[in-house]
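Colleague: Here it is: the structure, laid out below.
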Amino acid sequence: VVSKKQWYQRRVRGMDENVWLPKHRKCLKEEAGETAELKKIRGYIMTLLNRMVPENFKCLTDQILQLNIDNIEKMELLVDITFKKAISEPLYTQTYAKFSQIAQTVKFPEEQHVKDSPFTKMLLNRCQKEFFRERSEEDRLSKRMEELLIKSITEKSNQIEELLYQRSKLKKKMLGNINFIGELYNLGMVSSDTIICQFIKHLLDKKEQGKMVDDDIECLATLFSTVGLKLEKECDNDEQRKAFEESFVAFKDLGSNSNYTNRIRFMIQDVVELRENNWVPRRVEAKPQRIEDIHREHAREEQEKKMEAALATKN
């Protein structure tokens, strides 16, 4: 039996694994088992990635690559930080994918002659492992939700609120991970067969009572939007083209199923229209820009306004 004082101490000190902790406390728990050298490298990498923008991308990337990553622990640390940043900051996912592409050059001293990159192998394994872990967690939360719906209203209200919060966090991770995988594919770090067979087909085959979960459909929409242009072009044999076409038709058919919400059906229609428009989006998505690009765009807009005003005065 745990006393009230012991219970309080465990929660305050973060000894209870199930207790909620703010991000900075979680980071402290992660760093608890690290050596002084690993803690120093973690802090250095985090600082540089936090400062990374298009203007200083090359400079900061070079600084990270100059670190002495000479063993598995340091490589795993670099992969872990890169992955977590990529899935939690969707606006910068493309930037972290480009960083990952360059980080492929990081190899252990005794493996400089080896073609395969340990960074790439570890990163892709992490993406794949998290992809399947997220699906298992999604199933667990769905079953838990079904169990709660059977209980009385007073008993389940707080638990449902906590469960919805967990599902919201999981959805953010799922979308971040699948988008990162798509960006890695666009840079040639993931094969077409892996995208079609391991990710697209797995999502399409995962059904509950004959119906796909909304979050999985949203992941499919995100993946098709990210990789569609390159994937369709690179299906260079009949088998790949057939697999891609079958997968996309199955995804498209979901849009005509009235069991799904209008939000999901419109989302599917957006992807279908995107393909019909040769994968060119009708509106430009917000992405990190260099300061000079922002100034140039602002100057162009100001020039257009002046021209419109001049034409209006003439008329």
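The values are calculated or read from the model by the stated rules, or taken from the named source; none is laboratory data. As the structure is a prediction and not an experimental result, all values here were calculated from the model. Neighbour counts run over all protein chains shown; Cβ positions are idealised from the backbone, glycine included. Protein only, heavy atoms only, side chains kept; ligands, DNA and RNA dropped before computing areas. Shrake-Rupley method; radii C 1.70, N 1.55, O 1.52, S 1.80 Å.
Colleague: First compute the accessible area of the range 153-248 with a 1.4 Å probe, then give the percent of it belonging to carbon and sulfur atoms. Walk me through the intermediate numbers first.
Modeller: Details: 2260 of 4720 Å².
Within the range 153-248, the accessible surface is 48 percent carbon and sulfur.
Colleague: Sum up the charges of everything whose Cβ sits under 10 Å from the Cβ of Ser117, counting Lys and Arg as +1 and Asp and Glu as -1, but leave Ser117 out. Numbers along the way, then the final one.
Modeller: Values: positive: Lys107, Lys115, Lys121; negative: Glu111, Asp116.
Residues close to Ser117 contribute a combined charge of +1.
Colleague: I'd like to compare 157-163, 180-186: which one has the highest average count of other Cβ atoms within 10 Å, and what's the full order after that? Can you show the working numbers first?
Modeller: Working: 157-163: 12.4, 180-186: 23.7.
Peptide ranking by packing, descending: 180-186, 157-163.
Colleague: Assign unit charges at the C-beta atoms only (+1 for Lys and Arg, -1 for Asp and Glu), then state the dipole size of the range 115-221 relative to its Cα centre in Debye, rounded to the nearest 20.
Modeller: Values: 20 positive and 19 negative charges, 52 e Å.
With Lys and Arg at +1 and Asp and Glu at -1, about 260 debye.
Colleague: Shifting gears a bit: Find, among the trypsin sites (Lys or Arg not before Pro) in the range 130-209, those assigned to loop by DSSP (not H, G, I, E, B) with at most 15 other beta-carbon atoms within 10 angstrom.
Modeller: Sites meeting the loop and neighbour criteria: Lys151, Lys206, Lys207.
Colleague: In whole angstrom, note down how far apart the Cα centers of the range 102-136 and the range 197-238 are.
Modeller: With the range 102-136 and the range 197-238 each reduced to a Cα centre, they are spaced 23 Å.
Colleague: Would you work out which of His113, Thr93, Ser136 lies farthest towards the positive end of the dipole of the range 85-148, given +1 charges on the beta-carbon of Lys and Arg and -1 on that of Asp and Glu, about the Cα centre?
Modeller: Sorting the options by dipole projection puts first His113.
Colleague: Assuming R0 = 45 Å, what is the FRET efficiency of Glu246 and Asp116, from their Cβ-Cβ distance, to the nearest 0.05?
Modeller: On the way: r = 31 Å, r/R0 = 0.70.
After rounding to 0.05, the efficiency reads 0.90.
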